1. Working only within region B:311-333, note down all residues that are part of a strand (DSSP E or B) and touching a residue at least 40 places away in the same chain (Cβ under 8 Å).
2. What's the number of the only condition in (1) more than 18 Å from the chain's Cα centre (by Cα); (2) more than 16 Å from ligand 2 (Cβ to nearest atom) that A:T272 fails to meet?
3. Which numbered condition in (1) modelled with pLDDT of 95 or more; (2) more than 16 Å from ligand 1 (Cβ to nearest atom) is the only one that A:C239 fails?
4. Any residue in region B:54-68 that is at pLDDT below 95, among the small types (G, A, S) and over 26 Å from B:T186 (Cβ atoms)?
5. Just for region A:242-254: of the residues that are away from ligand 1 (no atom under 11 Å from the Cβ) and assigned to a loop (DSSP other than H, G, I, E, B), which one is surrounded by the most Cβ atoms within 10 Å (Cβ to Cβ)?
6. Among the numbered conditions (1) buried (at least 24 other Cβ atoms within 10 Å of the Cβ); (2) within 12 Å of another protein chain (Cβ to nearest Cβ), tell me where B:V178 comes up short.
7. State which residue is nearest to the other protein chains (Cβ to nearest Cβ) when the search covers only region B:150-163 and only residues that are modelled with pLDDT under 95 and touching a helix residue (DSSP H, G or I) at 6+ places or on another chain (Cβ under 6 Å).
8. Between a first residue in region B:254-279 that is within 18 Å of B:V313 (Cα to Cα) and a second residue that is assigned to a loop (DSSP other than H, G, I, E, B) and of a type in the set (D, E), which pairs have beta carbons less than 8 Å apart while being 6 or more apart in sequence or on different chains?
Amino acid sequence: MNNFGVIELASAKTTSAPGWAYVPDTGILPGSSALQPANRKRARNAPAGVTVGDLTARQEAKIRKEIEALERDGGKDISIPIPAKSGKAPAKHTPNVRKILQSQKTFSNHLDDFLAIQAQVEGGPAAAGNNRPSNASSKRPANKRDATAASTPTGSAKPTPGIQEEDVTMADVDLPPVLVGQYRPPPAAHPGDNDPLLASRVPDLPSDEELRKLLAHPPLTYYETRGKWEDNYPTRVFCEVCGYWGRVRCMKCGTRVCALDCLETHREECVTRYGL
Amino acid sequence: MAGGRKPKVAAPARPQNTLVLDNGAWTLKAGLVCGGSIPEPRVIPNCIARDRSRKIYVASELDKCRDFSEIQFRRPVEKGYLVNWEAQKEIWDQELFGDKAQFKCDPSETRLMLTEQPNALPVLQTNCDQIVFEEYGFSSYYRGIGSTFNAYHDLQSLFRTPKDALTAANTPAEIMLVVDSGFSHTTITPLLGGRPLHSAIRRIDIGGKFLTNYMARLISLRHFDMRNDLYIVNEMKEASCYVSADFKSDLERTWKGTRGEKREDYVSGAGIVKDYVLPDFHTRHKGILREYDPAQHAKSRKLAATGHSEEDVLTLRNERFTVPELIFRPSDVGMRQPGLADAIQQSLHELPIGLWPGLLANIVVVGGSSLFDGFIQRLQKELVQLVPDDCIVRVARPADPITNTWYGAANMANHPNIEKVVVTKQEYEENGSAWIARKFSTGLLTP
Ligand SMILES: [Zn+2]
Ligand SMILES: [Zn+2]
């Protein structure tokens, strides 16, 4: 399979078309370059003359647009009205409720509001920048948060939404152990148990104090909790026509395809979109 | 339950009934737990829909819809969070308190247990609390992260290990890691005694909605435009997609090959390719998945040529497994997020290594997107490759991953100490919504 791209190129008549070239692409792409751009700026600043393996700004913009479309709910913008009820007296609401029911804000509107408030609280745009979605290498759940948790009076580092069997309001000194270890039944005895070479490497459970601190950690914010992209994660490239590996690249627009059939299909679209 | 005979005289009496509500983006799960007995929850579409003839259906009225082509949806829950109360109230009023309600629920005498997704925006939580008390007037209320309720099950029977005498359903499991793969996203929540370890909660922004949109895009590129038929595409996704155990091999076996080449696997379908007969909403109300039959295709091409084709058939090839693959590799569509196994590893790295064995041996996967065949096997396989050798990895999916959260919350409602975690209407009136927010988020039991 590895030499597939080469075979295709050797027999390719299509390469004679002006402005068209297809290059085999067998190397592994440098991590993130094949991915959704980190932010708009990066897409804008992408070098104009691209080398093989790099994406053009145009392609990055395309990927970003596609992901936005995939995240939408529904085919197009829709506003379905609440069906009108006949013969029903208008309900009385409290001012809070009236405000909430009238709000047509989307999640994204609320999120923007939240980030703006957070930026103010944390002192300036720099702090807010840390929470922007685009910052892939962003902070871990800020140390500052741990500090808050640690500095809360110990009495408040107490339990949390779940219920414990024991009375949760009892004083700190009497707190029951967080884990009693029943989840990990001891393994059956084995003659090799005392063999130093077979000594267990299973780590010790954290102390109760450590566990209580973990349980008292405040919730993270929406963006803090999102999984972080690491540059060493492998990426894969697919044929945009049939979904097989994208081993060949259209030099005109950078689109990947697998072989000649798909390449011809792509070319029709490429010509329509970008001209010959 | 204890206290069942208590006369109802004292003002803030402990309510006998609990309305348990798992308010998802795709469906809401609702049921009334009365005096300790747990009914089967109703699973209701959490949407307002409009069909091609502009007829509007609210929630369970969708049953009456006969033609789902080009149907559109408005959902109160967006990105997993309850955002639009105008729509949500319409649905709750009809399904929980109105003529469609299958139980009688007087909020002033009822405790409400409501699920939410982790890392919600404070303003949305406050909106919710205000509606619960100021509009509906529930007697008391507990709002908790959906995943946490999954601790209120007998975990050991799920993993088929010998039952511990101490383990009762309404005692939270000591340690577990819950993966909730729903409509809006997939979350990872490690739990100790049913309580979330907030610093280690992680999310990837891939859920059923994203997968359906992606499938619609692939079909639109390869066959015909279905981007306005997401309801139909979703059904097709549910019927046909699976998580591949060996992605490279499956991709190889479904490739058509170079020009003119007739690869054997491609011609035969290699056991992967299936036909999906689309619904026409006249003779066929629901699509049908069936074995790929090349001979049948030749025949129907002939019929189509003479204008006698009776069915619209889509042949599904690599779409069957490249779609759910996004949960494991969001980067396949260029999304800069880790796959599920990597995200679980990121979650573990927030925690002391001593907790890893317990978490990894007790992974429970819930949510509608976990229903794809091969999901738990693939997750197990990838995790084993990522984590230290001496950690045992066990991944389980409950019998019904859609209602498991609801049943867990119902079990918790029966816990003798439930009153300690709820907020009463009186407390709300005295302390306000900021206080509730603090109590629910940090678990402070006193102001
Ligand atoms: Zn191809
Ligand atoms: Zn091109």
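1. Just the residues of region B:311-333 that are part of a strand (DSSP E or B), to begin with: B:313-316.
Scanning region B:311-333 gives B:L314, B:T315, B:L316.
2. (2)
3. So the condition that A:C239 fails would be (2).
4. no
5. Initial filter on region A:242-254 (away from ligand 1 (no atom under 11 Å from the Cβ)): A:249-254.
Now narrow it down to the ones that are assigned to a loop (DSSP other than H, G, I, E, B): A:251-254.
Values: A:M251: 14, A:K252: 19, A:C253: 15, A:G254: 16.
Here the answer is A:K252.
6. Of (1) buried (at least 24 other Cβ atoms within 10 Å of the Cβ); (2) within 12 Å of another protein chain (Cβ to nearest Cβ), only one is false for B:V178: (2).
7. Of all residues in region B:150-163, those modelled with pLDDT under 95 come to B:151-163.
Narrowing further to those that are touching a helix residue (DSSP H, G or I) at 6+ places or on another chain (Cβ under 6 Å): B:152-153, B:163.
On the way: B:Y152: 9, B:H153: 13, B:K163: 12 Å.
The residue in question is B:Y152.
8. Pairs that qualify, where the first residue is within 18 Å of B:V313 (Cα to Cα) and the partner is assigned to a loop (DSSP other than H, G, I, E, B) and of a type in the set (D, E), are B:D275/B:D293; B:V277/B:E311; B:V277/B:D312; B:L278/B:E311; B:L278/B:D312.
The values are calculated or read from the model by the stated rules, or taken from the named source; none is laboratory data. Treat the numbers as computed from the prediction; the structure is a model and nothing was measured. Note that each Cβ is placed from the backbone with ideal geometry, even for glycine, and that neighbours are counted across all protein chains shown.
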